[in-house]
1. Out of the residues in the range 145-182 meeting the condition of being away from the ligand (no atom under 16 Å from the Cβ) and of a type in the set (Val, Ile, Thr), tell me which one is nearest to Val29 (Cα to Cα).
2. Cβ-Cβ under 6 Å, sequence separation 6+ or interchain: first residue in the range 11-39 and over 20 Å from Ile255 (Cα atoms), partner near the ligand (Cβ under 9 Å from one of its atoms) and assigned to a helix (DSSP H, G or I). Which pairs?
3. From the list Ile255, Ile298, Ile228, Ile246, which residue is part of a loop (DSSP other than H, G, I, E, B) and either of a type in the set (Ser, Thr, Tyr) or under 18 Å from the mean Cα position of the chain (by Cα) (or both)?
4. Might you let me know whether the range 116-135 holds any residue that is more than 20 Å from Thr280 (Cα to Cα), buried (at least 22 other Cβ atoms within 10 Å of the Cβ), outside the structural domain of Asn279 (by TED's automatic domain parsing) and in contact with a helix residue (DSSP H, G or I) (Cβ under 7 Å, 6 or more places away or on another chain)?
5. Go through the residues of the range 208-216 one by one and say whether even a single one is within 30 Å of Ser32 (Cα to Cα), part of a strand (DSSP E or B), within 12 Å of the ligand (Cβ to nearest atom) and out of contact with any helix residue (DSSP H, G or I) (no Cβ under 8 Å at 6 or more places or on another chain).
6. Quick check, is Ser281 at positive phi and of a type in the set (S, T, N, Q)?
7. Name the pairs whose Cβ atoms lie under 6 Å apart, with the first residue in the range 178-207 and farther than 30 Å from Arg321 by Cα and in the same structural domain as Thr236 (by TED's automatic domain parsing), the second at pLDDT below 95 and not aliphatic (A, V, I, L, M), and 6 or more positions between them or separate chains?
Amino acid sequence: MSGIRTIVAGVGAYLPERIVTNAEMAKLVDTSDDWIVERTGITQRHIAADGEYTSDLAIAAGRRAIADAGIDASEVDMIIVATATPDETFPATAVKVQAGLGITKGAAFDIQAVCSGFVYGLSVADNLIRGGMSKTLLLIGAETFSRILDWEDRTTCVLFGDGAGAVVLKGEQGPGNRGIIASKLRSDGTKHDLLYVDGGPSTTQTTGKLRMRGKDVFKHAVNNLSDIVQEVFDGTDLSPSDIDWIVPHQANRRILDATAKKLGVDPAKVVVTVQDHGNTSAASVPLALERAVRDGRIKRGDLVLLEAMGGGFTWGASLVRW
Ligand code: ACO
């Protein structure tokens with residue numbers, strides 16, 4: 001595994017057309033715009049239309065990333081979709097995306113690490129590329145969490161939304177320092193009961209609904225995320241003070257602020273988009289990444305830290321020289 005670096009060659013995003021504001025949520029459950037904004041920073045979420053599936057969102061975001069990379073879809077030799085809300089129990093949503101993009105070569109598979117799925121995918125993709133298995137890989141985080149929410153539970157339904165974000169990753173050789181520098185992944189299965197879906201093919205033969213003990217998740221999120229960020233720098237000659245941009249999982253504005261504070265990183269360096277789409281699970285990191293690349297904040301040469309935590313618990317971080 002030497003000489004090849006995994007670079008981000010293109011970014012893309014897609015949010016379903018329908019926007020649901022906090023005021024609309026207050027018509028469904030006993031909540032208010034003030035409560036949601038004060039506790040989470042969220043002002044609205046996008047909800048997929050009837051008949052619009054996770055694969056549709058993924059294909060739209062994937063197409064945009066492929067266009068941004070300036071390549072033809074036929075150059076993609078591997079597709080990874082990070083999702084906890086696949087179209088079907090099987091086959092993998094990634095193979096539907098492969099077909100939807102008209103790609104007939106290579107391989108496609110899903111990764112299930114809930115909100116950490118994109119960061120897990122980045123690490124797996126980096127190893128596939130550096131190991132020579134893939135030259136041009138499409139990594140997508142895509143979710144329709146609206147389909148697994150309990151719309152009568154105000155403690156969870158106000159927090160989540162649907163969306164997709166994608167990156168084209170390519171192997172690059174030769175001089176330069178662009179690319180993924182390091183990644184760290186963690187999980188702790190003993191925390192299952194704090195955040196899970198109460199159904200599945202093997203247990204209930206139903207899809208189930210999301211259940212969460214929010215206060216407990218919050219505490220673990222801040223501690224786990226600041227620990228993993230410190231760890232991802234181990235073995236590099238960099239430190240958190242070198243970070244130009246943090247692109248975190250967009251779950252809750254307060255988690256983002258508390259984590260930045262714990263790390264001693266200027267909050268102005270944290271990309272925040274949670275207000276516009278709520279928690280979109282595996283889609284949230286690439287959605288935020290796309291925004292910051294598109295609006296010119298993230299520039300060539302910047303040191304970008306991606307981090308996420310989600311159900312499982314799973315958590316992880318990647319350090320990228322843009
Ligand atoms: N509207 C109005 N009131 C509400 C709502 C709502 N939507 N939801 C809960 N409340 C009430 C509660 O019933 C409670 O009322 P009580 O005091 O009469 O019992 C009160 O608000 C306070 O509830 P808490 O749960 O203590 O509120 P908290 O300040 O912890 O905020 C929240 C809740 C927003 C869920 C917070 O704990 C959180 O963000 N946790 C992290 C969860 C998360 O982001 N998970 C995403 C997946 S994991 C990840 O991505 C990191």
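1. Per the stated criteria, the residue is Val167.
2. Correct list of pairs: Val29/Arg154; Asp30/Arg154; Thr31/Met25; Thr31/Arg154; Ser32/Ala26.
3. Numbers: Ile255 fails: part of a loop (DSSP other than H, G, I, E, B); Ile228 fails: part of a loop (DSSP other than H, G, I, E, B); Ile246 fails: part of a loop (DSSP other than H, G, I, E, B).
Going through Ile255, Ile298, Ile228, Ile246 in turn, just one is part of a loop (DSSP other than H, G, I, E, B) and either of a type in the set (Ser, Thr, Tyr) or under 18 Å from the mean Cα position of the chain (by Cα) (or both): Ile298.
4. Yes, that holds for at least one residue.
5. no
6. On the way: at positive phi: yes; of a type in the set (S, T, N, Q): yes.
The answer is yes for Ser281.
7. Short answer, once both residue conditions are applied: Leu194/Asp216.
Listed here are the residues, each with its yes/no results for (1) within 14 Å of the ligand (Cβ to nearest atom); (2) of a type in the set (Lys, Arg).
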{"position": "Lys269", "(1), (2)": "no, yes"}
{"position": "Ala282", "(1), (2)": "yes, no"}
{"position": "Pro286", "(1), (2)": "no, no"}
{"position": "Val293", "(1), (2)": "no, no"}
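The values are calculated or read from the model by the stated rules, or taken from the named source; none is laboratory data. This structure is a prediction, so every number in the text was calculated from the model and none was measured. Cβ atoms come from the backbone with ideal geometry, glycine included; neighbour counts cover every protein chain shown.
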